[in-house]
Amino acid sequence: MEIRQATTVAELLAAEHLYDGPPRPEWAERFLAAPGHLMLIAYTEDGFPAGLVSGIEMLHPDKGVEMCLYELSVDEGHRRRGVGRALTEALVAVARRRGCYDLWVGVDTDNDAALATYRSAGGADDGFFTMRTWHFDENST
(Lines give C-alpha, C1' and ligand atoms only; values in the text may rest on other atoms or scores of the structure.)
Protein backbone atom coordinates (compact mmCIF):
# COMPACT_ATOMS: atom_id res chain seq x y z
CA MET A 1 0.00 0.00 0.00
CA GLU A 2 1.17 3.49 -0.87
CA ILE A 3 -0.31 6.69 0.60
CA ARG A 4 -0.11 9.81 -1.56
CA GLN A 5 -1.58 13.28 -1.35
CA ALA A 6 -4.13 13.87 -4.11
CA THR A 7 -3.15 16.78 -6.31
CA THR A 8 -5.54 16.41 -9.26
CA VAL A 9 -9.28 16.38 -9.77
CA ALA A 10 -8.90 13.05 -11.57
CA GLU A 11 -7.43 11.45 -8.43
CA LEU A 12 -10.31 12.72 -6.29
CA LEU A 13 -12.91 11.54 -8.78
CA ALA A 14 -11.28 8.10 -9.13
CA ALA A 15 -11.92 7.54 -5.42
CA GLU A 16 -15.68 8.02 -5.89
CA HIS A 17 -16.53 4.70 -4.22
CA LEU A 18 -15.04 6.02 -0.96
CA TYR A 19 -17.32 9.06 -0.63
CA ASP A 20 -20.80 9.26 0.87
CA GLY A 21 -22.13 10.49 -2.47
CA PRO A 22 -20.89 11.22 -5.97
CA PRO A 23 -18.12 13.84 -6.10
CA ARG A 24 -18.53 16.86 -8.34
CA PRO A 25 -15.60 17.99 -10.46
CA GLU A 26 -16.14 21.66 -9.55
CA TRP A 27 -16.11 20.84 -5.81
CA ALA A 28 -13.03 18.66 -6.23
CA GLU A 29 -11.27 21.52 -8.01
CA ARG A 30 -12.27 23.96 -5.28
CA PHE A 31 -11.10 21.53 -2.59
CA LEU A 32 -7.65 21.25 -4.16
CA ALA A 33 -7.36 25.03 -4.54
CA ALA A 34 -8.35 25.79 -0.94
CA PRO A 35 -5.37 26.53 1.32
CA GLY A 36 -5.04 24.03 4.15
CA HIS A 37 -7.24 21.35 2.56
CA LEU A 38 -5.68 18.00 1.77
CA MET A 39 -6.69 14.49 0.82
CA LEU A 40 -4.45 11.47 1.30
CA ILE A 41 -5.35 8.36 -0.66
CA ALA A 42 -4.11 4.83 0.06
CA TYR A 43 -3.48 2.81 -3.10
CA THR A 44 -3.08 -0.94 -3.41
CA GLU A 45 -0.19 -2.37 -5.42
CA ASP A 46 -2.41 -2.43 -8.52
CA GLY A 47 -3.37 1.26 -8.09
CA PHE A 48 -6.83 0.80 -6.58
CA PRO A 49 -7.86 3.59 -4.16
CA ALA A 50 -8.44 1.52 -1.00
CA GLY A 51 -9.03 4.42 1.39
CA LEU A 52 -8.81 8.13 1.94
CA VAL A 53 -8.50 10.67 4.71
CA SER A 54 -9.14 14.37 4.38
CA GLY A 55 -7.78 17.07 6.61
CA ILE A 56 -8.48 20.76 6.99
CA GLU A 57 -6.18 23.22 8.73
CA MET A 58 -7.97 25.63 11.04
CA LEU A 59 -6.32 28.84 12.21
CA HIS A 60 -7.28 30.96 15.20
CA PRO A 61 -5.55 34.15 16.45
CA ASP A 62 -4.92 32.88 19.99
CA LYS A 63 -4.25 29.22 19.26
CA GLY A 64 -2.38 28.89 16.01
CA VAL A 65 -3.09 26.10 13.54
CA GLU A 66 -4.76 22.79 14.24
CA MET A 67 -5.77 20.04 11.85
CA CYS A 68 -9.28 18.61 11.68
CA LEU A 69 -9.51 15.06 10.39
CA TYR A 70 -12.62 15.69 8.33
CA GLU A 71 -13.31 12.27 6.89
CA LEU A 72 -11.82 8.79 6.86
CA SER A 73 -13.12 6.13 4.49
CA VAL A 74 -11.86 2.66 3.68
CA ASP A 75 -13.21 0.45 0.90
CA GLU A 76 -15.28 -2.36 2.37
CA GLY A 77 -13.06 -5.04 0.85
CA HIS A 78 -9.96 -3.49 2.46
CA ARG A 79 -11.20 -2.96 6.00
CA ARG A 80 -9.54 -4.49 9.06
CA ARG A 81 -6.15 -4.49 7.31
CA GLY A 82 -4.67 -1.36 8.86
CA VAL A 83 -5.57 1.00 6.03
CA GLY A 84 -7.53 3.38 8.27
CA ARG A 85 -4.79 3.44 10.87
CA ALA A 86 -2.10 4.06 8.25
CA LEU A 87 -4.11 6.92 6.74
CA THR A 88 -4.72 8.45 10.16
CA GLU A 89 -1.03 8.18 11.07
CA ALA A 90 -0.09 9.74 7.73
CA LEU A 91 -2.39 12.71 8.39
CA VAL A 92 -0.92 13.09 11.89
CA ALA A 93 2.55 13.21 10.32
CA VAL A 94 1.45 15.89 7.83
CA ALA A 95 -0.10 17.96 10.64
CA ARG A 96 3.16 17.76 12.63
CA ARG A 97 5.23 18.79 9.58
CA ARG A 98 2.93 21.74 9.00
CA GLY A 99 3.40 22.94 12.58
CA CYS A 100 -0.12 22.22 13.81
CA TYR A 101 -0.45 22.15 17.59
CA ASP A 102 -2.91 19.23 17.44
CA LEU A 103 -5.19 17.13 15.27
CA TRP A 104 -8.76 16.33 16.22
CA VAL A 105 -11.73 14.40 14.87
CA GLY A 106 -15.38 14.23 15.85
CA VAL A 107 -16.67 10.67 16.09
CA ASP A 108 -20.13 9.28 16.79
CA THR A 109 -19.93 7.48 20.13
CA ASP A 110 -21.45 4.33 18.61
CA ASN A 111 -18.97 4.13 15.71
CA ASP A 112 -16.86 1.35 17.20
CA ALA A 113 -14.74 0.83 14.08
CA ALA A 114 -13.73 4.50 13.89
CA LEU A 115 -13.09 4.70 17.63
CA ALA A 116 -10.84 1.63 17.48
CA THR A 117 -8.98 3.01 14.45
CA TYR A 118 -8.28 6.36 16.05
CA ARG A 119 -7.30 4.75 19.36
CA SER A 120 -4.86 2.42 17.58
CA ALA A 121 -3.31 5.44 15.82
CA GLY A 122 -2.70 7.19 19.15
CA GLY A 123 -5.78 9.39 19.42
CA ALA A 124 -6.80 10.22 23.01
CA ASP A 125 -10.40 10.38 24.19
CA ASP A 126 -11.25 13.94 25.24
CA GLY A 127 -14.62 12.89 26.63
CA PHE A 128 -18.15 13.40 25.42
CA PHE A 129 -19.37 16.45 23.58
CA THR A 130 -22.42 17.41 21.61
CA MET A 131 -22.51 18.95 18.18
CA ARG A 132 -25.12 21.27 16.73
CA THR A 133 -25.52 21.63 12.98
CA TRP A 134 -27.21 24.24 10.83
CA HIS A 135 -28.37 22.58 7.61
CA PHE A 136 -28.92 24.84 4.64
CA ASP A 137 -31.00 23.95 1.61
CA GLU A 138 -31.47 25.78 -1.66
CA ASN A 139 -34.50 27.69 -0.32
CA SER A 140 -32.98 29.00 2.90
CA THR A 141 -31.70 32.52 3.15
Rolling a 1.4 angstrom probe over the protein heavy atoms, how many square angstrom per residue are accessible across the range 1-71? 59
If the elastic network links every pair of Cα atoms under 10 Å, which of Thr130, Thr88, Thr44 fluctuates the most in the Gaussian network model of the chain? Thr130
With R₀ set to 25 angstrom, the calculated FRET efficiency between the beta-carbons of His135 and Asp112, to the nearest 0.05, is 0.40
Could you compute Rg(Cα) / (2.2 N^0.38 Å) for the range 1-76, with N its residue count? 1.15
Rounded, prolate or oblate for the range 95-141? Axes are the square roots of the Cα gyration tensor eigenvalues, ordered a ≥ b ≥ c, and the cut-off for rounded is a/c under 1.5. oblate
Relative contact order, percent, of the chain when contacts are C-alpha pairs under 8 Å separated by at least 6 residues? 18
Cβ-derived FRET efficiency at R0 41 Å, Asp125 paired with Leu32, nearest 0.05: 0.80
So, with a 1.4 angstrom probe, what is the percent of accessible area on the range 40-141 that is carbon and sulfur? 50
Per residue solvent-accessible surface (Å²) - the range 87-141, probe of 1.4 Å: 84
For the chain, built as a Gaussian network whose Cα springs stay under 10 Å, the top-fluctuating residue of Glu89, Glu26, Glu76: Glu26
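The values are calculated or read from the model by the stated rules, or taken from the named source; none is laboratory data. Because the structure is predicted, anything quoted here is derived from the model rather than measured. Cβ sites come from the backbone with ideal geometry, for glycine too, and all protein chains shown count toward neighbours. What goes into the accessible areas is simple: the full protein's heavy atoms, side chains included, and nothing from ligands, DNA or RNA. Shrake-Rupley method; radii C 1.70, N 1.55, O 1.52, S 1.80 Å.
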